[in-house]
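Student: Please find one structure pasted underneath; my questions will follow.
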Amino acid sequence: MLALLATLAPLTLATACAKSPEPVSNRSVAAITAHSPSPAAAALPAIAAPAKVQQMVVHKSPTCGCCGAWVDHMRAAGFQVEVRETDNLHPIKERVGVPLGKGSCHTAEIGGYFIEGHVPAEDVKRLLAHKPDAKGLVVPGMPAGSPGMELPDGRTEPYTVELVHRDGSTGVFATH
């Protein structure tokens, strides 16, 4: 199966880029966007930022430094970011549909999706390019080495970006 994916993935992406984006199944998004040492993932080209830059709204605590670092990461990747500081993020997380136990320190909204926590900009770009029928992306907790959580000595811990389906269930979108 992996060999078949490695063979078909570049063709699928080339075809998808040549026409208007169409929604893909959640399972396809996970397979197309997974970051792993597998040959299929290594063969996939990076997806550039959408031609039309969309406004991202980031809800964060006024005292959180790592949230500011994540905002800087998103801006450096070409996103236009509006920051809205609030002392109570719970109503925002509830409104957008962040599943219980999957929360982090900030919640962003862009293109009809939510982005919860320290999701890398490349994963947000893939989400916007493929437009899956989903609520958004989450990185539960605050993993070391994720954007905004970089450590001075460069240490990182593996983490998973999860796609939140319309029913609130999650699946792997990418691993880092």
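Student: Filter the range 73-87 down to the residues that are over 18 Å from Q54 (Cβ atoms) and open to solvent by 60 Å² or more (accessible area, probe 1.4 Å), then identify the one that is nearest to the chain's Cα centre (by Cα). Explain how you work it out, then say what you get.
Tutor: Residues of the range 73-87 over 18 Å from Q54 (Cβ atoms): 85-87.
When the remaining residues are screened for being open to solvent by 60 Å² or more (accessible area, probe 1.4 Å), the result is 85, 87.
Numbers: E85: 21, D87: 24 Å.
Among them, the one singled out is E85.
Student: Out of everything in the range 111-126 that is over 21 Å from G145 (Cα atoms) and in contact (Cβ under 8 Å) with a residue 24 or more places away in the chain, what residue ends up being least open to solvent (accessible area, probe 1.4 Å)?
Tutor: The initial filter retains those residues of the range 111-126 that are over 21 Å from G145 (Cα atoms), namely 111-114.
Narrowing the set further to residues that are in contact (Cβ under 8 Å) with a residue 24 or more places away in the chain leaves 111, 113-114.
Numbers: G111: 48, Y113: 23, F114: 3 Å².
Residue satisfying both the conditions and the ranking: F114.
Student: Do we have P132 as touching a strand residue (DSSP E or B) at 6+ places or on another chain (Cβ under 9 Å), in a loop (DSSP other than H, G, I, E, B) and not charged (D, E, K, R) here?
Tutor: Working: touching a strand residue (DSSP E or B) at 6+ places or on another chain (Cβ under 9 Å): yes; in a loop (DSSP other than H, G, I, E, B): yes; not charged (D, E, K, R): yes.
When the stated conditions are applied, P132 passes them.
Student: For the range 150-166, which residues satisfy the criterion of being among the β-branched types (V, I, T) and in contact with a Phe, Trp or Tyr (Cβ under 6 Å, 6 or more places away or on another chain)? First the steps, then the outcome.
Tutor: In the first step, residues of the range 150-166 are kept if they are among the β-branched types (V, I, T); the result is 156, 160-161, 164.
Correct list: V161 only.
Student: Report yes if G148 is surrounded by fewer than 19 Cβ atoms within 10 Å (Cβ to Cβ) and either polar (S, T, N, Q) or assigned to a loop (DSSP other than H, G, I, E, B) (or both), otherwise no.
Tutor: Values: surrounded by fewer than 19 Cβ atoms within 10 Å (Cβ to Cβ): no; either polar (S, T, N, Q) or assigned to a loop (DSSP other than H, G, I, E, B) (or both): yes.
No, not satisfied.
Student: When both residues are 6+ apart or on different chains and their Cβ atoms are under 9 Å apart, which pairs have a first residue that lies in the range 61-87 and is part of a loop (DSSP other than H, G, I, E, B), and a second that is crowded, with 17+ Cβ neighbours inside 10 Å and basic (K, R)?
Tutor: A77/K125; G78/K125; F79/K125; T86/K60
Student: Of the conditions (1) open to solvent by less than 70 Å² (accessible area, probe 1.4 Å); (2) in contact (Cβ under 8 Å) with a residue 24 or more places away in the chain; (3) part of a loop (DSSP other than H, G, I, E, B), A174 clears all except one; give me its number.
Tutor: Single failed check for A174: (3).
Student: Then there is this: Identify the residue in the range 151-166 that is of a type in the set (D, E) and surrounded by 10 or more Cβ atoms within 10 Å (Cβ to Cβ) and, among all such residues, is modelled with the lowest pLDDT.
Tutor: Step one: list which residues in the range 151-166 are of a type in the set (D, E), which gives 153, 157, 162.
Of the ones still in play, those that are also surrounded by 10 or more Cβ atoms within 10 Å (Cβ to Cβ) are 157, 162.
Working: E157: 95, E162: 98.
Residue satisfying both the conditions and the ranking: E157.
Student: Filter the range 114-134 down to the residues that are under 16 Å from P91 (Cα atoms) and not aliphatic (A, V, I, L, M) and list them by number. Give the steps one after another, and end with the answer.
Tutor: Going through the range 114-134, the residues under 16 Å from P91 (Cα atoms) turn out to be 114-117.
Answer for the range 114-134, where residues must be under 16 Å from P91 (Cα atoms) and not aliphatic (A, V, I, L, M): F114, E116, G117.
Student: Report, by residue number, each residue of the range 88-142 that is of a type in the set (V, I, T) and closer than 20 Å to P158 by Cβ. Before the answer, list the steps.
Tutor: Step one: list which residues in the range 88-142 are of a type in the set (V, I, T), which gives 92, 96, 98, 107, 110, 115, 119, 124, 138-139.
Once the filter is applied, which keeps residues that are of a type in the set (V, I, T) and closer than 20 Å to P158 by Cβ, the range 88-142 yields I115, V119, V124, V138, V139.
Student: Sticking with this one: All but one of (1) touching a Gly at 6+ places or on another chain (Cβ under 8 Å); (2) small (G, A, S); (3) open to solvent by less than 20 Å² (accessible area, probe 1.4 Å) hold for A108; state the number of the condition that does not hold.
Tutor: Status for A108: all satisfied but (1).
The values are calculated or read from the model by the stated rules, or taken from the named source; none is laboratory data. Because the structure is predicted, anything quoted here is derived from the model rather than measured. Neighbour counts run over all protein chains shown; Cβ positions are idealised from the backbone, glycine included. Side chains included, ligands, DNA and RNA excluded: accessible areas come from the protein's heavy atoms. Shrake-Rupley method; radii C 1.70, N 1.55, O 1.52, S 1.80 Å.
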